[in-house]
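Everything on this sheet refers to the single structure shown next.
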Amino acid sequence: MDPLFDFTGKVILVTGGSRGLGYEMVKAFAARGADLIIASRKLEACEVVAEEVRGMGRKAVALSAHVGKWAECDRLIEEAYAAFGRIDVLVNNAGMGPACPSHEVTEQLYDSVLNLNLKGPFRLASQIGHRMAQGEGGCIINISSVGGTMPLAGVVPYGAAKAALNHMSLSLAHEYGPKVRVNSLAAGPFLTDIAKAWTPEKRETAPNALGRPGYPEEIVTAALFLASPASSNVTGSHVRCDGGSW
């Protein structure tokens, strides 16, 4: 085990952990010794991943929660702490960004996007961050997007939520530091399950320096870096894993 990325004995909660980037991060943390709490709205999907983690010799708990709702965030927190007694790393990964012309966005869609991408992550980060600060400390990674720093037509509420998430991360880093580190990790286009709806051209090319979308496993090293104690001097930062988008 590389001592820089040894998570033995650590407890990590990943929302949206049953698929896509969340799933890749769950596997990576487990492979390096962490015990996992996998959360999403679909309990059966989380349990499948939890069983895979157990097969790797680690402890894992599958929990169902709609993290866009504070009552479910609070229940998720209580169940997670009941299972392990602590959370060392929180990865706020659950999110959605459905494409829709701005003039056609309904209030329900707007609220759904903001709730899942900002309201819920705030609740989880603030409540868990407070507990971390009262205890032995910890690390929070808020999964953001290139849409939070660059204009993306057709997903304006999503971009606005991610921009706010970036600022929230910096503010929480100051509020709960020095014992808790909080960073945002901006993902570019990735070939997760959502890419099935893309055109063949979009699945092969992207307007970035690499000229292509990212492969899901390529999120791993950025997440490991931010979660590792080796990055002890990195907090309030916005890290991009986007292939050089502009």
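The values are calculated or read from the model by the stated rules, or taken from the named source; none is laboratory data. None of the values given here were measured: they were computed from a predicted structure. Because the Cβ atoms are built from the backbone with ideal geometry, glycine has one as well, and the counts that use them run over all protein chains shown.
For Arg181, the stated conditions do not hold, so it cannot be described as touching a residue at least 60 places away in the same chain (Cβ under 8 Å) and part of a strand (DSSP E or B). Ile194 meets each of the listed conditions (1) aliphatic (A, V, I, L, M); (2) surrounded by 17 or more Cβ atoms within 10 Å (Cβ to Cβ); (3) touching a helix residue (DSSP H, G or I) at 6+ places or on another chain (Cβ under 8 Å) apart from (2).
Residues that are of a type in the set (D, E, K, R) and over 18 Å from the mean Cα position of the chain (by Cα) were ranked within segment 78-107; the one that is nearest to Lys179 (Cα to Cα) is Arg86. At pLDDT 95 or above, part of a loop (DSSP other than H, G, I, E, B) and farther than 21 Å from Arg19 by Cα: does that describe Val234? Taking the combined requirement at face value, the residue satisfies it.
Taken over segment 92-114, the residue count meeting the criterion of being in a helix (DSSP H, G or I), surrounded by fewer than 19 Cβ atoms within 10 Å (Cβ to Cβ) and in contact (Cβ under 8 Å) with a residue 24 or more places away in the chain is 5. Scanning segment 189-207 for residues that are assigned to a helix (DSSP H, G or I), of a type in the set (Asp, Glu) and modelled with pLDDT of 95 or more turns up nothing.
This table checks each residue for (1) in contact with a helix residue (DSSP H, G or I) (Cβ under 9 Å, 6 or more places away or on another chain); (2) touching a residue at least 60 places away in the same chain (Cβ under 8 Å).
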site: Phe5; (1), (2): yes, yes
site: Gly17; (1), (2): yes, yes
site: Tyr23; (1), (2): yes, yes
site: Ala31; (1), (2): no, no
site: Ala34; (1), (2): yes, no
site: Val49; (1), (2): yes, no
site: Gly57; (1), (2): yes, no
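In segment 56-76, the count of residues that are of a type in the set (A, V, I, L, M, F, W, C), under 29 Å from Lys196 (Cα atoms), crowded, with 20+ Cβ neighbours inside 10 Å and within 14 Å of the chain's Cα centre (by Cα) is one or more.
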